[in-house]
Amino acid sequence: MNLHNEILEHEKKVCDAFGCDVLEIRTKKRTDELVFSRALMYDFLRRKKRTSIPFIARVYQRDISTIKHSLENLKNLLTTNEYVLEVYNKLNN
């Protein structure tokens, strides 16, 4: 499976977990569900697929600083939000 298809497949899983529309994950909307979904996708691409932050920024049409900020916030969310931690663990097993 190529990286593009893996990204689409993982986006579906993440969006299903947060109850958001997979078509909206690449939009500018900032609902909690979409913010959490994007953060998990950035983390998936960074850690599991070993892609660069500039690559992730291009895929999601975001600034590099936005990706870095989101990844940093995800660390905090995983210690303060039990639901995000549960979804994170479920998707990474």
**Report entry** Within the chain: Cβ-based charge dipole about Cα centre, in debye rounded to nearest 20 (Lys, Arg +1; Asp, Glu -1)
**Finding:** 440
Query - Value at 222 nm in deg cm²/dmol, rounded to 500, when DSSP H runs of n ≥ 4 in the chain each add -39,500 (n - 2.57) - result: -21500 deg cm²/dmol
Requested in this report: Figure the gain on full extension for Leu3 and His69 (residue separation times 0.36 nm, minus the Cα-Cα span) and round it to one decimal in nm.
Outcome: 21.4 nm
Report task. Check the straight Cα-Cα distances from Lys49 and name the lysines below 23 Å, setting aside those fewer than 8 residues away within the same chain. Result -> Lys12, Lys13, Lys68, Lys75, Lys90
Requested in this report: Any chance you could run the full-extension gain for Lys12 through Glu82? It's 0.36 nm times the residue separation minus the Cα-Cα distance, nm to one decimal.
Outcome: 23.1 nm
Query - Long-range tail of P(r) for the chain (Cα pairs > 19 Å, %) - result: 33
Report summary line: Of the candidates Gln61, His10, Thr80, the farthest towards the positive dipole end of the chain (Lys/Arg Cβ +1, Asp/Glu Cβ -1, centred on the Cα centre) is Gln61
Query raised in the report: Out of every Cα-Cα pair in the stretch 13-56, what percent are more than 15 Å apart?
Result: 40
Query - Percent carbon-and-sulfur accessible area, the chain, ignoring ligands, DNA and RNA, probe 1.4 Å - result: 50
**Report entry** Mean accessible surface per residue for the chain, computed with a 1.4 Å probe while every protein chain stays in place, in Å²
**Finding:** 64
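The values are calculated or read from the model by the stated rules, or taken from the named source; none is laboratory data. As the structure is a prediction and not an experimental result, all values here were calculated from the model. Don't worry about glycine lacking a Cβ; one is built from the backbone with ideal geometry, like all the others, and counts go over all protein chains shown. For accessibility, only protein heavy atoms count, side chains too; no ligands or nucleic acids. Shrake-Rupley method; radii C 1.70, N 1.55, O 1.52, S 1.80 Å.
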